[in-house]
Amino acid sequence: MSLRVLHVLDHSLPLHSGYTFRTLSILREQRALGWETEHLTTPKQGVSPLAREEVDGWTFYRTPTSGALGLLAQMRATARRVDELVATLRPDIIHAHSPVLNALPALWVGRQRRLPVVYEMRASWEDAAVDHGTTTEGSLRYRVSRALESFALKRARQVTTICEGLRADIASRGVPADRITVIPNAVDVDNFRFGAPPDPALRSTLGLDGKLVLGFAGSFYGYEGLDDLIRATARLVPHYPELRLLLVGGGPEEARLKQRVVDEGLSDRVVFTGRVPHAEVQRYYELIDVLAYPRIPIRLTELVTPLKPLEAMAQGRVFVASDVGGHRELVRDGETGYLFQAGNVESLCGCLRKVLDGRAQWPLIRAQARRFVEQERTWALSVARYREVYRRALEPFGRAGQLAA
């Protein structure tokens, strides 16, 4: 028998998010290693009577709900469903993914059923609440959230996370170093066309023929720093009359950003595309001469590495990024991309001018960026690290032999 892993997920397909796409990459590569994967989503997937759903060739077990649930009710429902699936599917290991609302039910079932639990913390629950404006640092809710996160991290057999910033945060909570493993974000390089020419019809439709295009693709949250990008564009336009800013995506900041564009007198210089299907995003990337990731310096951006710079490197796009900790883990300044001082519009402008005026260097930067992801950031390389994680988790239960099956 091969290793069987029960993944407990916040959400999955058909919903689209960075969380979903990371999950799918993990599942594909684990199956390529010969492991069996089973997949359960919690009530956060949405109100539904379904107990099981087939999506794009994947089977997802659901936690059926008839309405919105409070946090305790969510965890109780998740625990019942995990217990049911453990009894029927008989996994060797439970792999709970963020948030901690998934980890706590998994730990309870693991203890009752004598199964090892691996907890993958992609972002801490308390920081996610702060960054989405639902609580503040130092508040009672923040302290309780952090305490629950630390409780789960200390009790999981093994902990994985996505970057060095979060690894250090987990260690600071008292989790031993030999129980923490970084499984970094990565890309499937074969899915990205290196240096592909832009779609002329799409470029024309968006009014970008003959233009120098600065761009961003992603969700419009405050921490992305898009205010700074708009202000920088206003300062650059007098020097680059053909400059246009293409903003691909949407989110809670969209209306305010559109007003900022009006206030800066840039209505004829900035193009908002609205949300774009994930399968179409690459066509929009290919329209952009220089991508910008101007994240502002807050705890989330200092700790967590985003996926977008890796996608840009895989496609051979030239980009600039703020020097928050999450970007510094990914970007080699002047080699695979360019860094500027986070939260500093002058620094962003200076960096963009250097890049726009140094186009002779673009082919080299593009080639070096692509080589970096090919050699260091593929999903096959990242997911291979789970073998040792699972071995350590299974060993005390006498199940490590499953990895060799």
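FYI, it's all coordinate maths here, none of it is from the lab. This is a predicted model, so every value here is computed, not measured. Every residue, glycine among them, receives a Cβ derived from its backbone with ideal geometry; neighbour counts consider all protein chains shown.
Laid out as a table, the results:
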read-out	value
Dipole in debye (nearest 20) - the chain, about Cα centre, beta carbon charges: Lys, Arg +1; Asp, Glu -1	1120 debye
Rounded to 5, percent antiparallel among DSSP beta bridges of the chain	10 percent
Overall form of segment 189-376 per C-alpha gyration tensor (a/c, 1.5; a/b vs b/c)	rounded
Size of charge dipole - segment 189-376 - debye, nearest 20, with Cβ of Lys, Arg +1 and Asp, Glu -1, no other charges	180 debye
Cα-projected label distance for R256 with T59, points at 7 Å along beta-carbon direction, nm	4.5 nm
Efficiency of FRET between R114 and L50 - r from beta-carbon atoms, R0 41 angstrom, step 0.05	0.85
Vicinal HN-Hα couplings computed from phi for segment 210-227 (Karplus, 6.51 cos²θ - 1.76 cosθ + 1.60; Hz; Gly/Pro x)	x, 9, 9, 10, 9, x, 9, 10, x, 8, 8, 9, x, 6, 6, x, 5, 4
Contact order normalised by residue count of segment 248-373, Cα under 8 Å, 6+ apart, percent	22 percent
Options (i) 1.12; (ii) 1.03; (iii) 2.31 - which one matches Cα Rg over 2.2 N^0.38 Å as calculated here	(ii)
Cα-based reach from K258 at 24 Å (exclusive), listing lysines while leaving out same-chain residues under 8 positions away	K211, K308
C-alpha center-to-center spacing [segment 321-386, segment 1-78] in angstrom	33 Å
Packing-based order for 54-67, 15-28, using average beta carbon neighbours within 10 Å, highest first	15-28, 54-67
Estimated inter-spin distance, V144 and R173, nm [label 7 Å along Cα→Cβ]	1.7 nm
Test item: Cα-centred dipole of segment 28-184, Lys/Arg +1 and Asp/Glu -1 on Cβ, debye	620 debye
Scattering profile of segment 1-110 at q = 0.16 Å⁻¹ [log10 I(q)/I(0), Debye over alpha-carbon scatterers]	-0.66
Most to least packed among 198-208, 288-298, 392-402 [average Cβ atoms within 10 Å]	288-298, 392-402, 198-208
Dipole axis of segment 1-132 (+1 Lys, Arg; -1 Asp, Glu on Cβ), positive-most option in Y19, H97, W35	W35
Sorted peptide list for 329-338, 164-173, criterion being average Cβ within 10 angstrom, highest first	329-338, 164-173
Whole-Hz couplings from phi, Karplus 6.51/-1.76/1.60, listed for segment 314-330; x for Gly and Pro	4, 8, x, 9, 7, 8, 10, 8, 5, 8, 5, x, x, 7, 5, 5, 9
